[in-house]
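Peer 1: Below is one structure. I have some questions about it.
The values are calculated or read from the model by the stated rules, or taken from the named source; none is laboratory data. Keep in mind that this is a model prediction, so the values were computed, not measured. Reconstructed Cβ throughout: ideal geometry from the backbone, glycine too, with neighbour counts over all protein chains shown. To get the accessible areas, we keep the full protein, side chains included, count just its heavy atoms, and leave off ligands, DNA and RNA. Shrake-Rupley method; radii C 1.70, N 1.55, O 1.52, S 1.80 Å.
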Amino acid sequence: MTLTNAHTHLELTNMRHLCPQEPVDFADWIRGLAGHQSLRTSKQIMAGIEQGIAELQASGVTYVGDINTSQLSFEPLARFGLKGIVYLEVFWRGRGRALRLLERVQEKIREIRRHPLHGDMQIGLTIHAPYSCHPELFRRGAAWCKQEAVPLCIHIAESQAEVDLLADGSGPFGEDRWYYRWPQKLGIFKRLPTGLRPVEYLASLGVLEARPLLVHAIRVNDEDIRMIADSGSAVVHCPRSNHLLSCGRMPLEQYLAAGVDVYLGTDSRVSSPDLDIRAEAEFAKQLHQGFVAPEAIDALLVKPFPCEN
Ligand SMILES: [Zn+2]
């Protein structure tokens, strides 16, 4: 049987000591993670990737969707015979630097597309999340992905802090003092009092036209789910990470009823107790009891990623 884990950050596997044991505040958690991540060497990052691959293989996974900031995970994943997509990550709040980083990542993606091992393991782009990225990064990155047929992945509608930022610039992500605490300063970022919900925000920037893989997608209403379904975008459900980061329950039953492509993912070892996708499915069965039949969740486990449709 081939199993799918459609959302990992394998390079963080050896940072498991940062994974909370009990639910914590999302904004506090990501601030702590950013501080540790910037201090790592390439050797430490590669060791994390290799540990992650070993955990995936031990759990029987063949298909993986991996987010990668270091740009180091494509080759080891392909060499180990895993299939799926590695998404190179870009994020920055200031416009100028964000767009320069995008150009660099685009160049790397073009290079990896010519790699002899590119095929069953593909390369894509991740634009991290609304609270860490300038809107022009979403607009240009998504347009490029659509034009070049490059897979796109985005963390969206995950926390209340993200919803508050996009609604009226409030909450921890709207406070200037929040980003001063990042070790690598995130540049000049004006508040985004857009009055939009996270999925609406992506739609307003043309992002859904690139049919992205949307990670988490918890804080949504009927209209958001309809837009996701109509655009042909897919979602990844990571219920144990959502639990530990106090993000709430994804309305899985509504996505399935709307015909949205749904995958299961563990997320990284920094917000998940392990990379065992079967354990993720068991947790999902408990969480959605009375809403989604267990067989429907088992079906997500064995769905190839990416699924052709
Ligand atoms: Zn993630």
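Peer 1: Looking only at region 54-70, decide whether some residue is over 21 Å from Thr4 (Cα atoms), in contact with a helix residue (DSSP H, G or I) (Cβ under 6 Å, 6 or more places away or on another chain), touching a residue at least 24 places away in the same chain (Cβ under 8 Å) and open to solvent by 40 Å² or more (accessible area, probe 1.4 Å).
Peer 2: Within region 54-70, not a single residue is over 21 Å from Thr4 (Cα atoms), in contact with a helix residue (DSSP H, G or I) (Cβ under 6 Å, 6 or more places away or on another chain), touching a residue at least 24 places away in the same chain (Cβ under 8 Å) and open to solvent by 40 Å² or more (accessible area, probe 1.4 Å).
Peer 1: Let me ask something additional. Identify the single condition in (1) in contact (Cβ under 8 Å) with a residue 12 or more places away in the chain; (2) open to solvent by 20 Å² or more (accessible area, probe 1.4 Å); (3) more than 28 Å from Pro20 (Cα to Cα) that Ala293 does not satisfy, given that it satisfies every other one.
Peer 2: So the condition that Ala293 fails would be (1).
Peer 1: Which fully enclosed helices (runs of 4 or more DSSP H) of region 1-80 have 2 or more residues being over 14 Å from Met121 (Cβ atoms)?
Peer 2: Helices (runs of 4 or more DSSP H) meeting the threshold: 26-37, 42-58.
Peer 1: Shifting gears a bit: For the structure I just gave you, tell me whether Ala284 is open to solvent by 10 Å² or more (accessible area, probe 1.4 Å), among the small types (Gly, Ala, Ser) and away from the ligand (no atom under 16 Å from the Cβ).
Peer 2: no
Peer 1: For region 205-225, what are the residues that are within 17 Å of the chain's Cα centre (by Cα), away from the ligand (no atom under 16 Å from the Cβ) and under 20 Å from Tyr87 (Cα atoms)?
Peer 2: Those that are within 17 Å of the chain's Cα centre (by Cα), away from the ligand (no atom under 16 Å from the Cβ) and under 20 Å from Tyr87 (Cα atoms): Val207, Leu208, Ala210, Arg211.
Peer 1: Looking at Arg97, Arg104 in this structure, which one is without any contact (Cβ under 8 Å) to a residue 40 or more places away in the chain and either buried (at least 21 other Cβ atoms within 10 Å of the Cβ) or outside any loop (DSSP other than H, G, I, E, B) (or both)?
Peer 2: Arg104
Peer 1: I'm trying to understand the selection: among the residues of region 47-81, which are more than 17 Å from His115 (Cβ to Cβ) and of a type in the set (D, E, K, R)?
Peer 2: Glu50, Glu55
Peer 1: Could you check Tyr255 against (1) among the hydroxyl-bearing types (Ser, Thr, Tyr); (2) under 29 Å from Gly94 (Cβ atoms); (3) without any contact (Cβ under 8 Å) to a residue 60 or more places away in the chain and say which number it fails?
Peer 2: Condition (2) is where Tyr255 drops out.
Peer 1: From the list Ile228, Ile277, exactly one residue is buried (at least 19 other Cβ atoms within 10 Å of the Cβ), more than 16 Å from the ligand (Cβ to nearest atom) and under 23 Å from Leu88 (Cα atoms). Which is it?
Peer 2: Of the residues listed, the single one that is buried (at least 19 other Cβ atoms within 10 Å of the Cβ), more than 16 Å from the ligand (Cβ to nearest atom) and under 23 Å from Leu88 (Cα atoms) is Ile228.
Peer 1: Could you please let me know if Glu89 is acidic (Asp, Glu) and crowded, with 16+ Cβ neighbours inside 10 Å?
Peer 2: Against the criterion (acidic (Asp, Glu) and crowded, with 16+ Cβ neighbours inside 10 Å), Glu89 qualifies.
Peer 1: Going by the conditions given, is Thr2 of a type in the set (Val, Ile, Thr), in contact (Cβ under 8 Å) with a residue 12 or more places away in the chain and either touching a Lys or Arg at 6+ places or on another chain (Cβ under 6 Å) or closer than 12 Å to Val86 by Cβ (or both)?
Peer 2: no
Peer 1: Modelled with pLDDT of 95 or more and farther than 17 Å from Val90 by Cα: which single residue out of Gly174, Gly206 fits that description?
Peer 2: Selected residue: Gly206, the only one of Gly174, Gly206 that is modelled with pLDDT of 95 or more and farther than 17 Å from Val90 by Cα.
Peer 1: What are the residue pairs meeting all of these: first residue in region 235-251, first residue aromatic (Phe, Trp, Tyr) and open to solvent by less than 20 Å² (accessible area, probe 1.4 Å), second residue in a loop (DSSP other than H, G, I, E, B) and more than 11 Å from the ligand (Cβ to nearest atom), Cβ atoms under 9 Å, and 6 or more apart or on different chains?
Peer 2: As it stands, the answer is none, since no pair meets every condition given.
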